[in-house]
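Data block below; observations after.
The values are calculated or read from the model by the stated rules, or taken from the named source; none is laboratory data. Just so it is clear, the structure is predicted and the values come from calculations on it, not from any experiment. Neighbour counts are summed over all protein chains in view; Cβ atoms, including those assigned to glycine, are modelled from backbone coordinates with ideal geometry. Surface accessibility is based on the protein's heavy atoms, side chains included, excluding ligands, DNA and RNA. Shrake-Rupley method; radii C 1.70, N 1.55, O 1.52, S 1.80 Å.
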Amino acid sequence: MTLELYFWTIVVIMCGLSAGLFGFGFALGARRANRAAGIRVGVIILLVTVVLCGGAKAIEAGIGPLVVYEAAWLASTLNFSLTGGYIAGKGRNGSGTRWGVAPILCIAIAIGSGFLMAARLHQLVDIVQQLGMGRAKAKPAGPDTSLNCKESLKRVYAGFSHYAEVNDALPPAAKWVEEEDLRGAVQADEWFHCPAVSDRKDDRYGYAYNDTLVGRRLNGKKLAEMPGAATTPLVYDSSNLAKSAHDAATSLPRPGRHAGRNNILYCDGHIEAAVLQQR
């Protein structure tokens, strides 16, 4: 299933649920002498909030904080749809306020929350697809992982690309490994460790970020489309093994750590194995 199809499927389901809850709330409110209707509405609102937000919080570590924000907006959409329908139903049966500001305000908030959710839904669906939706899950990363340095750098590039798409800029240098919009797309801390210097469970990382790119605006372009992308190093093997290492491409190991070569990831996504002469 394509990204667009996932997106529109979720949007249609959200609209259907919202309309259904509005109708359900209207039916509850329209019933005469139904004193328990308000309690039912409150219980449903509580359940929707707990299930959506609680479930999103449970999977936040694997997908990223975006899933929590999306769940909160979805819960708001559904809850205000139900509330608006209930208030409208109460006005219809004459036992409460007539159609007026309250139900219209609830509907407006529900629609607004739906738009806010849809605005970043593409990003969430993209992350979920990268995690393997609809495909067999990859083996968890670990000391015996089969991913080599170049394959790890490809994962890191996916993180930078996602960060650039979300923020229209490259990340700051300090703690770049911990940037949520970058880390969420990389999926696992193991891929930030070069396997030539780390068992991927220790505090030795071995990659540095080119800090001449820090905060560079992309003006609506993708990372691979920025000027000079094919010749500008982005992340590379580094003799600085600290987390979130960064410099102006000055810490490349000499000699190179991969059979005398160093892997350099460029802004267009390609990787070169460079040979540096011993000083």
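Worth a mention:
- Mean Cβ neighbour count within 10 Å, used as a protection proxy, ranking 159-166, 54-61, 170-177, 75-82 highest first: 75-82, 159-166, 170-177, 54-61
- Pairs from the list K175/K201; K154/K221; K57/K175 with a Cα-Cα gap above 26 Å: there are none.
- The stretch 44-90 versus the stretch 211-279: alpha-carbon centroid distance in Å: 42
- Within the accessible area of the stretch 177-279, the carbon and sulfur atoms contribute 46%, probe 1.4 Å, all protein chains present.
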